[in-house]
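Okay, structure first, notes after.
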Amino acid sequence: MKRVRTDFLWQCNHKFKNKTKCSTPYLTEEQLKEAFVNMFNSTVANRDELTEGILDIISEISNTDNIDAKLSILYKELEASAEQIRLWVEENAHRAMSQIKYEAEYAKRTEVYKRVNEKISELEKEKLIKKNKYKEAKTALSILKENNTPIQEFDSGLFFGLIENVVIKSNCILLFNFKDGSKVEYELQKRSQN
């Protein structure tokens, strides 16, 4: 009977995409879970420090006044640009003019409109990202406040509630990237693989 492997390995997303194999090692699921438990328990000891960092991040990302001010200006520019296009189309409809001249000017005016609209889209995306980061940071803060004692075993809700991703920096160093933007390095005990 063939043995089926049931453990999971965590590795670089690009490990086999290029001709040169990514040199970062893989982790077993158990190693990752153990590292998270140990890292979390060490941060619980410094919870006040971590909480203060999250509060600073929340304060920074919750302020969208600068983006809102830029958007206000751009929306006015967009409206003015749309009006310029409308007036040009109207002028062409009521007065004889070279269609080459008309099309060139129309293209120029619509290009301005398009550029302003693209800037608005970029700022709206930036604002949405800040809003999502704000929610994630508030969730992380809430999770940390609820879980203020060391954990004995891996908690997937805690992991996925706090951690954005984990980067294996070397054979022994993991970088836990929290959803709020903070980072914690953790050194694995012993590794014998790759």
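The values are calculated or read from the model by the stated rules, or taken from the named source; none is laboratory data. Since the structure is predicted, the reported quantities are computational estimates derived from the model, not experimental observations. In this analysis, Cβ positions are derived from the backbone assuming ideal geometry, glycine residues included, and neighbour counts consider all displayed protein chains. Just so you know, the surface numbers come from the protein's heavy atoms only, side chains and all, with ligands and any DNA or RNA stripped out. Shrake-Rupley method; radii C 1.70, N 1.55, O 1.52, S 1.80 Å.
Of everything in region 161-188, what is without any contact (Cβ under 8 Å) to a residue 60 or more places away in the chain, surrounded by 13 or more Cβ atoms within 10 Å (Cβ to Cβ) and acidic (Asp, Glu)? Give them in sequence order.
Glu164
Does region 100-107 contain any residue that is in contact with a Lys or Arg (Cβ under 6 Å, 6 or more places away or on another chain) and not aromatic (Phe, Trp, Tyr)?
No, because not a single residue in region 100-107 is in contact with a Lys or Arg (Cβ under 6 Å, 6 or more places away or on another chain) and not aromatic (Phe, Trp, Tyr).
Which residues, taken from region 24-36, are at pLDDT 85 or above and within 24 Å of the chain's Cα centre (by Cα)?
The answer is Leu32, Lys33, Ala35, Phe36.
Taking Gly53 as meeting all but one of (1) within 29 Å of Ile129 (Cα to Cα); (2) without any contact (Cβ under 8 Å) to a residue 40 or more places away in the chain, write down the number of the exception.
Going through the list (1) within 29 Å of Ile129 (Cα to Cα); (2) without any contact (Cβ under 8 Å) to a residue 40 or more places away in the chain, Gly53 breaks only (2).
For region 83-98, what are the residues that are within 47 Å of the chain's Cα centre (by Cα) and open to solvent by 40 Å² or more (accessible area, probe 1.4 Å)?
Glu83, Gln84, Arg86, Leu87, Val89, Glu90, Glu91
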